[in-house]
């Protein structure tokens, strides 16, 4: 675990919360956002409870690595060539799901954000400040930053791409992986459903 000291200035509320969430230690995060948690669940055999679970309460940078590792642990990486390059399509799908649930969520809500892996799909849910309601169409949508400081930080350190590219990437790579399009639903609870034909 990295130890990072934060100098917090009073009166700059948005920046302070973003800084704490991005780089703070667990105690500081709990004091500023007591409901913050990301629940990663594997549910393949035991459908009533779970087969594996990881409750992530650390900062967003470390959370990204932990959640990526959880998905990689439970989903095989099929072989795909795009052009003449081998591409880890599973990792691209996981990257977009994880980045989205960490960046574009309402951190004040007590609704637990979750990533659930089942036999034939991965889905995510997180509380959301919706401007529009309904299914997102990658050909006709206007992206907007829900947490712009966090989004810019993720872009600058290479964990995410520019605003709007995540939706297009998710559609592109899910279609390559399974032949099916993902479903992204904008509502008070933002939902992403990628029906995957993963190897079990």
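Worth pointing out:
Matching residues to (1) closer than 26 Å to residue 55 by Cα; (2) not in a loop (DSSP other than H, G, I, E, B):
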| position | (1), (2) |
| --- | --- |
| 117 | yes, yes |
| 126 | yes, yes |
| 137 | no, no |
| 158 | yes, no |
| 180 | no, no |
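- Subset of the stretch 19-43 [closer than 17 Å to residue 118 by Cα and either surrounded by fewer than 20 Cβ atoms within 10 Å (Cβ to Cβ) or free of Cβ contacts under 8 Å to residues at least 24 places away in the same chain (or both)]: 39, 41, 43
- Scanning the stretch 89-98 finds one or more residues that are within 26 Å of residue 195 (Cβ to Cβ) and more than 15 Å from the chain's Cα centre (by Cα).
- Yes/no for residue 109 being crowded, with 18+ Cβ neighbours inside 10 Å and either at pLDDT below 90 or in a loop (DSSP other than H, G, I, E, B) (or both): no
- Looking across the stretch 63-78 at every residue that is surrounded by fewer than 17 Cβ atoms within 10 Å (Cβ to Cβ) and in contact (Cβ under 8 Å) with a residue 60 or more places away in the chain, the one that is farthest from the chain's Cα centre (by Cα) is identified as 78.
- Scanning the stretch 122-148 for residues that are surrounded by 15 or more Cβ atoms within 10 Å (Cβ to Cβ) and at pLDDT 90 or above gives 122, 123, 124, 125, 126, 127, 128, 136, 147.
- Which numbered condition residue 92 misses (of (1) assigned to a strand (DSSP E or B); (2) within 17 Å of residue 171 (Cα to Cα); (3) in contact with a helix residue (DSSP H, G or I) (Cβ under 7 Å, 6 or more places away or on another chain)): (1)
- Residue that is modelled with the highest pLDDT [pool: residues in the stretch 70-89 that are within 18 Å of residue 41 (Cα to Cα) and in a loop (DSSP other than H, G, I, E, B)]: 75
- Some residue of the stretch 21-43 being outside any loop (DSSP other than H, G, I, E, B), at pLDDT 95 or above and closer than 16 Å to residue 154 by Cα: yes
- For the residues 16, 46, the requirement of being in a helix (DSSP H, G or I) and either exposed (fewer than 14 other Cβ atoms within 10 Å of the Cβ) or more than 16 Å from the chain's Cα centre (by Cα) (or both) singles out 16.
The values are calculated or read from the model by the stated rules, or taken from the named source; none is laboratory data. Note that the coordinates shown come from a computational prediction; the quantities given were computed from them, not determined experimentally. Note that we place each Cβ from the backbone using ideal geometry, even for glycine, and neighbour counts take in every protein chain shown.
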